[in-house]
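**Q** Dumping the structure here so I can ask a few things about it.
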Amino acid sequence: MTFSPRHLEALRLISDTFAPGDGGSIPPASAVGAPEFALELAGTNPRKAELDQLRTLLRLWDTRFLGFLLTGRPRKFSRLSQAQREAVLLSLSDSRLAPKRALFAALKGACLAPYYIVGGPVLWDSIGYPGPPGVLPDAPDPTLKPEHVTQNETIICDVVVVGSGAGGGTAAAVLAAAGLDVVILEAGEYHDDRDFDGSERTGFSQLYAGSPGVTSEGQVQLVAGRGLGGGTVVNYTTSFPTPDHVRAEWAALGTPQFLTSEYDDAMAAVNTRLGVNKDHPGAGVRDQVLERGAQALGWSVDAMPRNVIGCDQGIECGRCGMGCRIGAKQSVTKTWLVDATDNGARIYVGARARTVTVENGRAVGVTAVSPNGDVLTVKSRAVVVAAGAIQTPALLQRSGLENPNIGRHLRLHPATGLFGLMPEPVNPWEGAMQARYVNEWTDLNGDGYGVLFETAPMTPAFGSGFVNWRGGTEHLARMQELKNMLVVAIIVRDKGPGGTVKVGKDGEAVVNYRLSPGDTELLMKGFEGAARIAEAAGATRIISPHHRTMAYEPGRNGNLETFMTQIRAEGAAPARLALAALHIMGSARMGGSPDLSALNPDGETWEVKDLVVADGSCFPTASGVNPMISIESIAYMNAKRLAARLT
Ligand SMILES: Cc1cc2nc3c(=O)[nH]c(=O)nc-3n(C[C@H](O)[C@H](O)[C@H](O)COP(=O)(O)OP(=O)(O)OC[C@H]3O[C@@H](n4cnc5c(N)ncnc54)[C@H](O)[C@@H]3O)c2cc1C
């Protein structure tokens, strides 16, 4: 057994401190099984060292020894009152030491997200959340028929594609259309319309990559999709083309095709296949309020291009971060993977690539394992790696590639949310995904770097990550305000120098990333811009996502200037505030020389022939806009070039 009753008991104590309920009808975390669910999630972590750390922490948690370390007095946590327990947690949150703050942030996430996921009707009613809608009884049968690895076996093909997300799905379709025999390996499972119930429980446990969940310094939560279709199954359908100034920057780094018709054609093909349109501009309250604020400031605001067909732009769409129940989202499982299999491609799910096989400087296959340990050996003429910008460099490193640019230059578009309390109900879990965007401040210094403002769906568990915690009762009260909250998403185009991905001794990816001073400054400007929008939209209270409470009430208590002074003083050091990365890029970048990049302009590694990368890792720098269209266009282009060489 991964966790013992003693571990569970300790987590119950911590969870009930974070989420004590209201002493009446609203239950505490332990009464709804949140700690059990938290341990179920934690148990899926493939990193043994992290699991061992967690077990040690929980084993020691309720001892005099740890009490002494945390409070200076040898008292067991269970002997403390609720107020004393909260003080212990807050001492971690407010510590000058980043590892202590990171521990607080990890415990907060591990206790509160499960609470709001499994909380049940009484808790959800109290915050105005109607709960998950459940599966649609008339959902169609899944279109794709992937296989599983059930025994050790060897198969042969022309090209094996590792990863089936935005990049892998697109590359597989292009290669199969060229007449090549393609095999796709996907570590996760296949979930389609009839599996989606709109719940955070199903969504987060089945459709999201749990590990690594956060950068090593504890500064940025990493949010990525897992399973057939990767991030395109859970993403918010925002479909921006690569901006011209970004294309010029990429071309200048040694990949001139970004300024030619080759890339234009790739983007056009992607837009057509995904059905990108502006015919679904219906904004929910969340986006209407964002638009109202931006318009009041005279800032540019526009309707989002989206890859949806027949989107309800309402309740369904509000939950589409947990998969689209009505099949409107044109994920790669609805598009490119259908094309690929129509042209004979075979898909294996539950097949995690461990290494690329290299012989005489050429990639000649991949070894993958199933969750049961069965080994699939694929022999091929070429390998396309598209496992996402964290797992791709890890796989290349595990396979013995040594170019130091593999795993460098990681970009994350660090993102956060500023809350504006509105007089009207916003119900942030409803309404079309990201129907509007504000690009007024995307170029703050004349170099193409700045911040993009959007909204994001705030289902309770996801939202609880951005609502700060200063005590159980207060947090519940803040969650009960969520239904009236505008959350302005601030997305920083990070200039870098960026982070790194390395493999640990256990072969798993380790991500290091610190916001540079320049990117921190962009984030600060982002707070200012978001506060301006919220204030102009009529917010009565404006609250930052910092762990310490920072807020003002326009016209009544404080103002933007004092707020910004506070925020700047608090800064953005690790675990001072909630930051997340939904756009993970650049960790095996394309470029003109092996000194500066991991891949050549064909997307092929400089060191190993016939080993091509086709995912977010390829970006020479951050895209500055939501990256799906850019990823698919690069994958399309790199796959076309590979197909031309192989056929
Ligand atoms: C919640 C959310 C919302 C988003 N919203 C938007 C949006 O609205 N618009 C937009 O442009 N972008 C959005 N993004 C980002 C976008 O979806 C991603 O950038 C994109 O999916 C990344 O594509 P990729 O091919 O690099 O990797 P992914 O799509 O993540 O695909 C990688 C796949 O590889 C698999 N894999 C990993 N390791 C292995 C291995 N060793 N062997 C086999 N398979 C492996 C993974 O399970 C995964 O399925 C969002 C992302 C998230 C998480």
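**Q** Output yes when any residue across the stretch 496-518 is assigned to a helix (DSSP H, G or I) and either farther than 24 Å from ALA572 by Cα or open to solvent by 30 Å² or more (accessible area, probe 1.4 Å) (or both), and no when none is.
**A** Yes: one or more hits.
**Q** So the check is Cβ under 7 Å with 6+ separation or different chains; which pairs have a first residue in the stretch 349-370 that's at positive phi and open to solvent by 10 Å² or more (accessible area, probe 1.4 Å) and a second one that's aliphatic (A, V, I, L, M) and modelled with pLDDT of 95 or more?
**A** GLY361/VAL608
Let's see how each residue does on (1) closer than 30 Å to GLY165 by Cα; (2) within 14 Å of the ligand (Cβ to nearest atom); (3) part of a helix (DSSP H, G or I); (4) among the small types (Gly, Ala, Ser):
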position: ASP264; (1), (2), (3), (4): yes, no, yes, no
position: MET267; (1), (2), (3), (4): yes, yes, yes, no
position: VAL270; (1), (2), (3), (4): yes, yes, yes, no
position: ARG273; (1), (2), (3), (4): yes, no, yes, no
position: HIS280; (1), (2), (3), (4): yes, yes, no, no
position: ARG292; (1), (2), (3), (4): no, no, yes, no
position: GLY310; (1), (2), (3), (4): yes, no, no, yes
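**Q** What single numbered condition from (1) buried (at least 23 other Cβ atoms within 10 Å of the Cβ); (2) within 11 Å of the ligand (Cβ to nearest atom); (3) within 25 Å of VAL270 (Cα to Cα) fails to hold for GLU189?
**A** Of the numbered conditions (1) buried (at least 23 other Cβ atoms within 10 Å of the Cβ); (2) within 11 Å of the ligand (Cβ to nearest atom); (3) within 25 Å of VAL270 (Cα to Cα), the odd one out for GLU189 is (1).
**Q** Could I ask something else about it? Quick one: in the stretch 192-222, of everything that is of a type in the set (Asp, Glu) and within 17 Å of LYS334 (Cβ to Cβ), which residue is most open to solvent (accessible area, probe 1.4 Å)?
**A** So, considering only residues that are of a type in the set (Asp, Glu) and within 17 Å of LYS334 (Cβ to Cβ), the one most open to solvent (accessible area, probe 1.4 Å) is ASP195.
**Q** Quick check, is LEU228 in contact with a Phe, Trp or Tyr (Cβ under 6 Å, 6 or more places away or on another chain) and within 14 Å of the ligand (Cβ to nearest atom)?
**A** Criteria met by LEU228.
**Q** Considering only the stretch 603-620, state which residues are more than 10 Å from the ligand (Cβ to nearest atom) and either among the small types (Gly, Ala, Ser) or part of a strand (DSSP E or B) (or both).
**A** GLY603, GLU604, THR605, LYS609, LEU611, VAL612
Every residue, every condition in (1) more than 11 Å from the ligand (Cβ to nearest atom); (2) more than 20 Å from the chain's Cα centre (by Cα), yes or no:
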residue	(1), (2)
ILE156	yes, yes
VAL159	yes, yes
GLY163	no, no
GLY169	no, no
ASP195	yes, yes
SER199	yes, no
LEU207	no, no
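**Q** Now for a different question. For the stretch 230-241, does any single residue satisfy the condition of being among the small types (Gly, Ala, Ser) and touching a Gly at 6+ places or on another chain (Cβ under 6 Å)?
**A** Looking through the stretch 230-241, at least one residue is among the small types (Gly, Ala, Ser) and touching a Gly at 6+ places or on another chain (Cβ under 6 Å).
**Q** Any idea which of PRO414, PRO425 is over 23 Å from CYS157 (Cα atoms), in contact with a strand residue (DSSP E or B) (Cβ under 9 Å, 6 or more places away or on another chain) and not acidic (Asp, Glu)?
**A** Being over 23 Å from CYS157 (Cα atoms), in contact with a strand residue (DSSP E or B) (Cβ under 9 Å, 6 or more places away or on another chain) and not acidic (Asp, Glu) holds for just one of PRO414, PRO425, which is PRO414.
The values are calculated or read from the model by the stated rules, or taken from the named source; none is laboratory data. This one's a predicted model, so the numbers in the text were calculated from it and none came from an experiment. Using ideal geometry, Cβ is built from the backbone for each residue, glycine included, and neighbour counts are taken over all protein chains shown. Just the protein is used for accessible areas: all its heavy atoms, side chains included, with ligands, DNA and RNA removed. Shrake-Rupley method; radii C 1.70, N 1.55, O 1.52, S 1.80 Å.
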